[in-house]
Each structure stands twice: as C-alpha cells, then as structure tokens.
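To start, the structure itself, in structure tokens.
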Amino acid sequence: MYLIDSDFLIDFLKNKKETVSLISSLNSGELHVSIVSVGEILEGVPQKEIKKYLKFFSNFIIINIDIPIIIKFAEIRRELRKKGKLLDNFDLLIASTCLSRNLKLITGNKKHFNRINGLKIA
C-alpha cells in the first residue's frame, strides 16, 4: 500500500504523463493520502474550486493525524534534530504516517526523505 506525497499529487493534477501512468497503474484501494497533503494542495486552490478538489481526494483513502502518527513524528524529529538534519514538519508528518501505517511513500523528493530511517520510498 502507498501514500502519495504532495508533489506527486500536484503532478497528477497537472496531468504529467509519467505520474498519471504510475498512479493509474496502482489499485485504488492501495492509495492513501495524508490530510497534510490535502491541506498543502488546497492552500493553492481558489476558494471556488475547493469542492472540485475535495471530489478528487474522495478517490483516495485519507489518513488523519492520530496519536501513533504524532508519537512517530516526535521520535523522528528528535532523532533528526540531534543529527542537525531536520525536515519541514509537514514532511515529517507525512513520513510518520507512512511509518506508523506501514505504507510506501510515492514521492519525487527521495533525497529529502532518505534522511528518515526505515521509511520505504517508491
């Protein structure tokens, strides 16, 4: 099962051929999106188009932030801070979601997420 990062969702919405092909090749029941990515996408959407985008997100399993995700977030953030390699909190929440739910992350930012031990990246 997969969690799709915001960058891939943006590319999908822009109808980028490779991204559309990859996401379309996966079983829709395996596709998850973090509520964080929903917020990141909606931030750039005009108010009048919000309903259209919410309909788009209904094609995915949306994962809300819960206690196991926040515990994993704190653990990862603490570890990265000690190493002086912190990431943006939204990215840490997305990675924490993957780790707590045993999901593989689909992202175009592999180098960025490679800092996180145990994170499976597609």
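See the values below:
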quantity: Nearest 10 degrees, 0 to 90: helix 67-83 Cα axis against the chain principal axis; calculated: 60 degrees
quantity: Environment charge at His112 (Cβ cut-off 11 Å; Lys +1, Arg +1, Asp -1, Glu -1); calculated: 0
quantity: Total formal charge among the other residues, if their Cβ is under 12 angstrom from that of Leu42, Lys/Arg +1 and Asp/Glu -1; calculated: -1
quantity: 5 angstrom amide H check on Leu105, placed H, neighbours 5+ away; calculated: Leu3, Lys120, Ile121, Ala122
quantity: Relative pair counts by distance (%), Cα atoms of the chain, 5 Å bins; calculated: 2, 11, 22, 24, 20, 12, 7, 2, 0
quantity: Nonlocal amide H pairs with Ile63, under 5 Å, H built at 1.01 Å; calculated: Val33, Ser34, Ile35
quantity: Hz values of 3J(HN,Hα) by residue in the stretch 94-108 - Karplus curve (6.51, -1.76, 1.60), Gly and Pro given as x; calculated: 5, 5, 5, 5, 4, 5, 6, 10, 6, 10, 8, 8, 9, 8, x
quantity: Radius 12 Å from Cβ of Leu86, net charge of other residues (Lys, Arg +1; Asp, Glu -1); calculated: +4
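Read-outs: derived from the displayed coordinates by stated rules, not from any lab. Predicted model, so just to flag it, every value in this text is computed and none were measured. Methodologically, a virtual Cβ is constructed for each residue, glycine included, from the backbone with ideal geometry; neighbour enumeration extends over all protein chains shown.
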